[in-house]
Amino acid sequence: MFEQKLDFDFKTTQEILKRISNIDGFKATWLGIEKKENRYLKELRQVATIQSIGSSTRIEGATMNDEEIRSLLKSMKVTKLKSRDEQEVVGYFEALDLVYSNYKTIPLTENYIKQFHGILLKYSEKDVRHRGKFKNFPNKVVANYPDGKQKVIFNTTEPHLVDKEIQEVLEWTNDQLASGTIHPLMIIPLFIYEFLSIHPFQDGNGRLSRLMTTLLLLRQGYSFVPYVSFENIIERRKKEYYEVLMKGQKSRYTKKEKIEAWLLFFLDCLKEMIDLLGKKYDVYKDKGGYLNPRQKEILEMIRLHQPVKFSDICLALPGYSMNTIKKDIRYLLNEHHIESIGRNKGTVYNIRSGNET
């Protein structure tokens with residue numbers, strides 16, 4: 001039943017495989033970078049987390065900007081969450097933090113999906129009755145726009161069919177991920193498409209779908225996800241996001257239902273993520289490890305004149321203080337860009353073997 005939605009023509013299949021190969025190549029590169037525990041990763045993750053919270057809640061109609069969200073979370077007192085926007089932001093933050101901290105031990109099950117829904121709406125006063133429970137009334141996928149207008153995107157599964165359809169897609173997804181027959185980057189977007197089509201909860205489905213996207217990608221080893229915001233890309237491409245979902249939905253419950261538009265869009269968003277992350281982090285140029293212009297200058301000086309002493313570097317770069325250069329050398333050592341030989345005043349620095357190019 002689900003496989004037929006992935007039965008594409010040759011040209012489409014080749015394009016999908018090309019994009020998957022590109023993403024998987026970056027996945028392998030990033031694993032090497034992440035092992036170095038570069039201090040820049042923490043900063044990158046903090047920025048991406050704020051962007052993810054802001055974008056995912058704004059897609060659904062919230063109005064808080066990233067700076068307001070940063071301030072709220074910095075001085076957060078859950079007893080003083082007055083507006084619905086604040087309640088949704090803190091709920092998303094707690095759910096996202098749980099995913100980041102525990103994704104290895106969180107399986108894809110109905111129970112956990114309901115638990116995440118409960119956390120998402122934990123502070124939302126108007127959602128008390130239905131949080132953590134499947135819907136009792138029909139609902140629709142609605143696009144919310146900044147000017148307050150709404151547009152119905154498509155109708156969703158009737159309440160009495162939700163249990164059956166959720167169980168079917170959960171079973172298929174878990175079986176396929178376990179078997180390895182179909183690539184995870186085809187399985188995950190199909191699951192998200194199905195989840196949004198079913199729309200199992202009265203509210204919060206869009207936010208929950210993006211949380212589950214992060215969870216599933218992390219569980220499949222795409223560890224770069226926390227460092228660049230998938231939600232932010234969706235927000236910027238919101239119109240296209242709804243359009244590609246609609247294309248599959250037009251043939252819902254028929255043999256003509258295909259999700260190539262959605263799948264290609266999903267992969268393109270991941271490609272945009274790795275492009276952004278690569279630019280921010282100089283992945284390909286510096287082989288892992290963020291270097292600011294000054295650090296690059298020191299590295300280049302060592303490359304040209306190695307072996308060099310600390311005093312040589314200070315003489316060659318008189319515009320920087322000795323303290324600053326000391327910190328940068330320590331950073332370059334920790335990031336394995338350079339190596340030291342000798343001790344104290346006799347210490348000299350070389351480019352680390354393997355980083356000569």
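The values are calculated or read from the model by the stated rules, or taken from the named source; none is laboratory data. The structure displayed is predicted, hence computed values, not measured ones. As a convention, Cβ positions derive from the backbone with ideal geometry for all residues, glycine included, and neighbour counts pool all protein chains shown.
For the stretch 311-351, name all the residues that are surrounded by fewer than 16 Cβ atoms within 10 Å (Cβ to Cβ), of a type outside the set (Gly, Ala, Ser) and assigned to a helix (DSSP H, G or I).
Cys314, Leu315, Met322, Asn323, Thr324, Lys326, Lys327, Arg330, Leu333, Asn334, Asn344, Lys345
Going through Lys27, Lys74, Lys18 one at a time, which residue ends up being under 30 Å from Lys256 (Cα atoms) and basic (Lys, Arg)?
Going through Lys27, Lys74, Lys18 in turn, just one is under 30 Å from Lys256 (Cα atoms) and basic (Lys, Arg): Lys18.
May I ask you to verify whether Glu15 is in the same structural domain as Gln167 (by TED's automatic domain parsing), closer than 30 Å to His183 by Cβ, modelled with pLDDT of 90 or more and part of a helix (DSSP H, G or I)?
Yes.
Working only within the stretch 60-76, note down all residues that are farther than 28 Å from Val141 by Cβ and polar (S, T, N, Q).
Residues satisfying the conditions are Ser71, Ser75.
Kindly state which helices (runs of 4 or more DSSP H) lie completely within the stretch 28-122 and contain at least 2 residues that are within 16 Å of the chain's Cα centre (by Cα).
In the stretch 28-122, the matching helices (runs of 4 or more DSSP H) lie at 39-59, 84-102.
With Gly204, Gly221 as the choices, which residue is over 22 Å from Pro159 (Cβ atoms) and small (Gly, Ala, Ser)?
Gly221
Does Ile23 fit the bill of being outside the structural domain of Asn334 (by TED's automatic domain parsing), surrounded by 15 or more Cβ atoms within 10 Å (Cβ to Cβ) and over 17 Å from the mean Cα position of the chain (by Cα)?
The answer is no for Ile23.
Give the residue that is farthest from Leu81 (Cα to Cα), with candidates limited to residues of the stretch 128-142 that are at pLDDT below 90 and out of contact with any strand residue (DSSP E or B) (no Cβ under 9 Å at 6 or more places or on another chain).
Arg129
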